[in-house]
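Here's the structure, in structure tokens; my notes come after.
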Amino acid sequence: MVLTGRRLRVAAALTCVLGLVAAAGCTGDERDGFRPGAADVGDPYVPGRGNGGYDVAHYGLDVRYDPSTDRLTGKAVITATATQDLSRFNLDLAGLEVGAVSVGDAAAEYRRGDGELVVTPRDGVPRGRQFTVTVDYAGVPTAVDDGALGSGGFLHTSDGAVALGQPHSAATWFPVNDHPSDKATYELAVTVPDGLAALSNGVPLPRSSADGWTTWRWSERTPMASYLSTLVIGDYRVVTGTHAGRPMVTAVAASLPATGGAATSLARTGAIADFLASRFGPYPFDSYGGIVIADDRVGYALETQSRPVYGPAFFADDRPNPIVVAHELAHQWFGDSVSLTRWGDIWLNEGFASYAEWLWEEHDGGRTAQRNFEMQYAATDWRQPSVEPGREQMFGTAVYKRGALAVHALRRTVGDDLFFRILRTWTAERAGGNATTADLVSLAERVAQRQLRPLFDAWLVGGSAPTLP
Ligand SMILES: [Zn+2]
């Protein structure tokens with residue numbers, strides 16, 4: 001689903017009415033009710049990101065990357081459906097040069113704005129019609145400065161590249177509706193010099209080589225939010241196998257120890273995913289895996305769909321760290337399969353992933369979830385809300401730890417049977433889609449057959465310590 005940008009639409013319509021046809025880029029179609037899609041989904045946590053007027057179903061991406069020049073050449077074929085009578089629309093694209101755009105079989109006019117590719121099809125697209133957009137592009141991709149999070153977006157590394165980052169990164173390497181409210185399936189072919197790995201999300205398809213270049217192919221057949229896409233190119237020890245009948249692909253940077261903390265932690269991916277499935281319901285994707293990179297500019301791990309990417313700091317001094325694996329794998333249910341509609345609800349991702357750390361720690365013979373809850377309760381600043389934390393605090397403690405406290409408070413209140421039934425109902429009913437905090441509260445009330453809104457309010461946003469359940 002795509003949110004609409006009502007204000008922008010009204011502004012565009014007014015300029016057309018006033019007759020500023022040339023200046024506003026209005027077309028004859030707009031006078032027939034066709035109008036531009038919004039240039040933004042209106043999510044204040046990511047100004048300018050996402051677009052309106054269409055809903056993407058699939059990205060077909062064919063890219064070539066040469067680490068010696070840091071140059072990327074790409075073709076994107078995007079299949080979408082118009083959600084309004086559409087005279088023109090935006091895609092998010094940061095940097096890179098566009099060589100040609102077509103809509104269907106017809107060449108389309110296009111121009112660039114700040115982080116935007118604005119496409120005017122030869123003919124307007126009627127609401128409800130499926131269409132394809134083909135974009136040829138090339139250039140040296142750029143990073144995104146995510147401040148305290150470190151560098152996101154496309155990073156040129158010593159042996160290749162990494163494209164990664166939350167809340168956005170995809171637009172640094174392909175044209176995209178770059179907001180989690182518009183999920184789509186992906187097919188990626190990536191061509192790199194022979195000897196380098198090119199890793200991404202989903203099921204691996206057969207590789208081919210020609211003239212010193214190898215094309216790696218990946219298919220993510222379950223809808224994916226764009227920030228959960230990744231591309232990792234470089235010198236990696238890639239292990240391909242199966243787990244629970246599905247492909248398992250793990251990769252550790254060749255510069256890290258072959259049997260060290262990173263490799264041994266990643267090797268527990270299947271066992272940890274199975275444990276989480278026993279609590280959250282069936283694993284939601286058709287492949288498994290994980291990638292440990294060596295570039296210490298990436299100071300985080302990210303739950304990229306079906307194949308999380310871990311920065312090297314999680315395995316510093318060669319220490320194993322299964323807890324970070326449990327966190328990123330928990331996101332496969334909470335965040336990846338059931339995704340945010342808007343970033344103000346990011347606790348729905350991080351609260352549950354943080355809670356999964358407690359579940360795993362207890363299962364692995366460590367501290368109990370109840371003990372972690374008690375310790376965190378004592379340490380929490382209740383003035384910071386978990387819901388609508390503000391852009392500066394979207395990765396703050398209230399989102400992660402206070403969110404986990406709310407999850408455990410729900411468990412204590414309704415009991416284990418109902419608690420895990422609520423979680424499994426949520427991951428089943430919302431699989432592959434998007435949801436909000438209000439959706440979770442109403443589902444929990446329906447499953448538990450009791451009022452739970454005051455409980456969620458107190459634990460997520462109340463300004464003082466809630467009474468222990
Ligand atoms: Zn997380």
Would you check the accessible area of TRP173, probe 1.4 Å, heavy atoms only, in square angstrom rounded to 10?
0 Å²
Note down the nm distance, to one decimal, between modelled labels 7 Å out along Cα→Cβ at ALA438 and at ARG412.
2.9 nm
Along Cα→Cβ, 7 Å out, is where each label goes; now give me the distance between the ones at HIS58 and THR132 in nm to one decimal.
0.9 nm
At 1.4 Å probe radius, can you tell me the per residue accessible area of the range 341-469 in Å²?
44 Å²
Bins of 10 Å from zero: percent of alpha-carbon pairs in the range 327-469
12, 46, 37, 4
Prolate/oblate/rounded label for the range 205-338 (Cα gyration tensor, a/c 1.5):
oblate
Under the Debye formula (equal points on every Cα, no solvent term), log10 I(q)/I(0) of the chain at q = 0.06, 0.07, 0.14 Å⁻¹
-0.27, -0.37, -1.34
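To the nearest whole percent, what portion of all C-alpha pairs in the range 376-434 is separated by more than 15 angstrom?
Details: 1008 of 1711 pairs.
Considering the range 376-434, 59 percent of its Cα-Cα pairs are separated by more than 15 Å.
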At 222 nm, what helix-only mean residue ellipticity would the chain give, in deg cm²/dmol to the nearest 500, using -39500 (n - 2.57) for each DSSP H run of four or more?
-8000 deg cm²/dmol
Please give the contour-minus-distance gain from ASP296 to ARG391: 0.36 nm per residue of separation, less the Cα-Cα distance, rounded to one decimal in nm.
31.7 nm
Heavy-atom surface of the range 154-229, accessible at 1.4 Å and reported per residue (Å²):
26 Å²
Portion, in percent, of the accessible area of the chain that falls on carbon or sulfur, probe 1.4 Å:
51 percent
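Rule-of-thumb check for the range 282-360: C-alpha Rg over 2.2 N^0.38 Å? Present the calculation step by step, with values, prior to reporting the outcome.
Details: Rg = 12.6 Å, N = 79, 2.2 N^0.38 = 11.6 Å.
Against the compact-globule rule of thumb, the ratio is 1.09.
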Simple spin-label estimate for ARG383/ASP114, 7 Å along Cα→Cβ, in nm, reads 3.3 nm
From most to least accessible, 1.4 Å probe, no ligand or DNA/RNA atoms counted, MET224, MET248, MET375 line up as MET375, MET248, MET224
Quick one: of the DSSP bridges fully inside the range 238-333, what percent are antiparallel, nearest 5?
55 percent
If you add up the charges near GLN370, with Lys and Arg at +1 and Asp and Glu at -1, over every other residue whose beta carbon is less than 12 angstrom from its beta carbon, what do you get?
0
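How much length is gained if the chain between ASP70 and ARG122 is pulled fully straight, taking 0.36 nm per residue apart and subtracting their Cα-Cα distance, in nm to one decimal? Before the final figure, lay out the partial values.
On the way: separation 52, 0.36 × 52 = 18.72 nm, distance 3.41 nm.
Full-extension gain reported as 15.3 nm.
The values are calculated or read from the model by the stated rules, or taken from the named source; none is laboratory data. This is a predicted model, so every value here is computed, not measured. In this analysis, Cβ positions are derived from the backbone assuming ideal geometry, glycine residues included, and neighbour counts consider all displayed protein chains. Ligands, DNA and RNA are stripped out before the accessible areas are found, and what is left, the full protein with its side chains, is counted by its heavy atoms. Shrake-Rupley method; radii C 1.70, N 1.55, O 1.52, S 1.80 Å.
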